[in-house]
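In what follows, a structure is listed as structure tokens, so that the remarks can point back to it.
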Amino acid sequence: MQTLPMDVPKVILFTAIAITMVVPVVGITARIALRPIVDAMARLRESSGRNDALTMVERRLALVEQELQAIEGIRTDVRRLVEEDEFRRQLTLPNTAQPE
């Protein structure tokens, strides 16, 4: 079996130069190619954060609306109690009008 004569230091020098040239080119290419994907992922994450905030605000608003409905129910009950109390007072008052 014959082997080709190679100069090891020259092979190492060629490999080092090739790697030195290829790595930046690959890095720049990857950055250009992946930039839109990374931007889309960032926008998606940002919009999901907004959706979470919007969902939380909607939930709080629904709770406030429920509280207002409960308060309105209490107001109606109090109004009925006041009317009933006035009616009972009128029943218990002595009749001041003299029949003719």
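The values are calculated or read from the model by the stated rules, or taken from the named source; none is laboratory data. All of these numbers come straight from a predicted model, not from anything done at the bench. When we count neighbours, we look across all protein chains shown, and the Cβ atoms used for this are built from the backbone with ideal geometry, even at glycine. For the accessible areas, the whole protein counts, side chains as well, though only heavy atoms, and no ligand, DNA or RNA atoms are used. Shrake-Rupley method; radii C 1.70, N 1.55, O 1.52, S 1.80 Å.
Taking 7 Å steps out from each Cα toward its Cβ at Ala42 and Phe87 produces label points 7.0 nm apart.
A dipole drawn for the chain from +1 and -1 charges on Cβ atoms has a positive end, and of Leu93, Leu4, Val26 the residue lying farthest that way is Leu4.
Taken per residue, the accessible surface of the chain reaches 101 Å², heavy atoms only and a 1.4 Å probe. Mean residue ellipticity, 222 nm, helices only, the chain: the sum of -39500 (n - 2.57) across DSSP H runs of n ≥ 4, divided by residue count and rounded to 500, is -32500 deg cm²/dmol. Ranking Thr15, Ala42, Thr55 by how far each Cα lies toward the positive end of the dipole of the chain (charges on Cβ) leaves Thr15 at the top.
Counting only alpha carbon atoms, the long axis of helix 8-92 and the longest principal axis of the chain meet at about 0°. For segment 37-99, a crude dipole built from +1 on the beta carbon of Lys and Arg and -1 on the beta carbon of Asp and Glu, taken about the Cα centre, is about 80 debye to the nearest 20.
For segment 11-100, carbon and sulfur atoms together expose 65% of the accessible surface, with a 1.4 angstrom probe and every protein chain in place.
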